[in-house]
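Here is the structure we will look at, set down as structure tokens.
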Amino acid sequence: MAAVLATATGLGAAPASAGLLGGLLCPVTNTLGVTSSGWDDGATTPPTTLAQAEQAIGAPQYYARGIDGSGVGVALIDTGVVPVQGLAGAGKVVNGPDLSFESQDDAAQNLDTFGHGTHMAGIIAGSDGPGGAFQGVAPGARLVSLKMATHDGAVDVSQIVAGIDWVVQHRNDPGMNIRVLNLSYGTDSMQAYQVDPIAFAVENAWRHGIVTVVSGGNAGTTRGTLNDPATDPYVLSVGAADLNSSNLLGCTTVAPFSSRSAGRPVDVVAPGVSIESLRDPGSAIDQNHPGAVVDTRFFRGSGTSQAAAVVSGAVALVLQARPTLTPDQVKAVLKSTAGPLALLDRSAEGSGLINIGMARTASVPYGSTQSWTAATGTGSLEQARGSDHVAMNGVQLTGEQDIMGQPWNGAQWAQASAAGAAWNGGIWNGSVWTGACWCGTSWAGTTWQGQRWTGSSWTGQRWTDVAWTGQRWTAGSWSGQRWTDGQWTGQRWTGQRWTAG
């Protein structure tokens, strides 16, 4: 059943200033919005507040019934989170293992030195508490943060795969109940999902009951395919909708930067243009995009990353209301209740803009169980990287090896991953990556214990006193010291925007 399009003014009857086109709500006037992904320096249009985004997808119907995502854990594999207002409440964020190259720096461990993860966290589940001015889509949900990337966004595919494996194995740890995984990340790999290691990892999470939400990519029409692993049909892939209107008829539409694909399009779209969320003061994006700051406390950004975060929060609401739904059923309900957008085709919008107001009570469509060819994970780790490579002291990580220099055996890993046994304490793929227990402490309270890497890297060098750079997110280095009073002290972060999702 197709839903009536929800605009930023709300669900249901058309506002007085709106006209109808093919049964879809369209405002009469057109506002020229942001047309490229990234951090919206100097944008002349107002940002999209989370209250507007939440209204557009039908979230207030849940809030009115006391449903806010409570009891649902959302794993955020990203650049970490910092304790800004809205994310610093007791129990709001739990730090899983820091698998980034900065995990060896006590001053940066678990903290978001880049700024992307904090922005996503605010969208998904930020909360000022009762009566507060700011709330994410699922303000009652718990965030389980796994830091993967450094101040310049540098991260390798092997880290992402290891992180997903960790989420699967620890989804039912006391108090976690991880039902959603947000992955605002992807590579430009063209490897078939049927053999791709990242695709296998996200499918494995899906099979273990975790709704895996993946950003479709920000390539517009230039590639004709989604990012890896959004190409995998078992995940919930997301494109970015523009609530500020950008087509000639003035209708809400898909952002021009949102990746199109005729073969495997995104499943749904969600608000993803000029989304106003929490700012990470002194982070790389904060230093490099001062024009994106809104009212000191917030930051505005556009991308399928933001759209995926909106959907992750939305799924947390749906699962609190309907906890027995499987990932396949959640996906089927969201697609069947989504509203198609005007003058667009399936390659851009999939089933359309999510409408969780309708999804709250909609019947699960017949035949919702997916039956695509399952991924095997036996393909190439190097091909999964696409053109994205990290480098240490000028030496790129290439070939069938992980960040520790350990050889990659896809068949052996896939067997362990499927059994939920890829991690053995803090050991993954034969090397020590992290600690082995919830026995550390941080600003977030109990934190997964870190571990010093004593082995060598893919270059044969020790992990101490070296610098990492990302190929796709190439930037400089950081020499700050610690987070204090809402500011990074020491020198400035430098870096370019995260463009992965």
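What the table shows:
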| quantity | calculated |
| --- | --- |
| Criterion violated by T150 - all others in (1) closer than 17 Å to P97 by Cα; (2) surrounded by fewer than 24 Cβ atoms within 10 Å (Cβ to Cβ) satisfied | (2) |
| Hey, G89 assigned to a loop (DSSP other than H, G, I, E, B), surrounded by fewer than 21 Cβ atoms within 10 Å (Cβ to Cβ) and either under 16 Å from the mean Cα position of the chain (by Cα) or at pLDDT 95 or above (or both) or not | no |
| Selection status of V180, part of a strand (DSSP E or B), out of contact with any His (no Cβ under 9 Å at 6 or more places or on another chain) and under 24 Å from A51 (Cβ atoms) | yes |
| Boolean, V137 is buried (at least 24 other Cβ atoms within 10 Å of the Cβ) and either without any contact (Cβ under 8 Å) to a residue 60 or more places away in the chain or within 30 Å of S456 (Cβ to Cβ) (or both) | no |
| Pairs with Cβ under 9 Å, 6+ apart, first in the range 421-440 and within 16 Å of W408 (Cβ to Cβ), second modelled with pLDDT under 95 and assigned to a strand (DSSP E or B) | none |
| Pairs where the first residue, in the range 357-368, is not assigned by TED's automatic domain parsing to the domain that holds L319 and the second is of a type in the set (D, E, K, R), C-beta under 6 Å, 6+ apart | S368/D328 |
| Which numbered condition L143 misses (of (1) assigned to a loop (DSSP other than H, G, I, E, B); (2) closer than 16 Å to G445 by Cβ) | (1) |
| Unique residue being modelled with pLDDT under 95 and out of contact with any Gly (no Cβ under 6 Å at 6 or more places or on another chain) when the list is G163, G175, G115, G209 | G175 |
| Exclusive hit being in the same structural domain as V269 (by TED's automatic domain parsing), among the hydrophobic types (A, V, I, L, M, F, W, C) and modelled with pLDDT under 95, set L249, L226 | L249 |
| Some residue of the range 20-41 being of a type in the set (V, I, T), buried (at least 16 other Cβ atoms within 10 Å of the Cβ) and at pLDDT 95 or above | no |
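Residues are listed down the side, and each one gets a yes or a no for (1) under 23 Å from A199 (Cβ atoms); (2) in contact with a Pro (Cβ under 9 Å, 6 or more places away or on another chain):
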{"position": "V318", "(1), (2)": "no, no"}
{"position": "P327", "(1), (2)": "yes, no"}
{"position": "A332", "(1), (2)": "yes, yes"}
{"position": "S368", "(1), (2)": "yes, no"}
{"position": "L381", "(1), (2)": "yes, yes"}
{"position": "A391", "(1), (2)": "no, no"}
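The values are calculated or read from the model by the stated rules, or taken from the named source; none is laboratory data. Fair warning: this is a prediction, and the values are worked out from it, not measured in the lab. Using ideal geometry, Cβ is built from the backbone for each residue, glycine included, and neighbour counts are taken over all protein chains shown.
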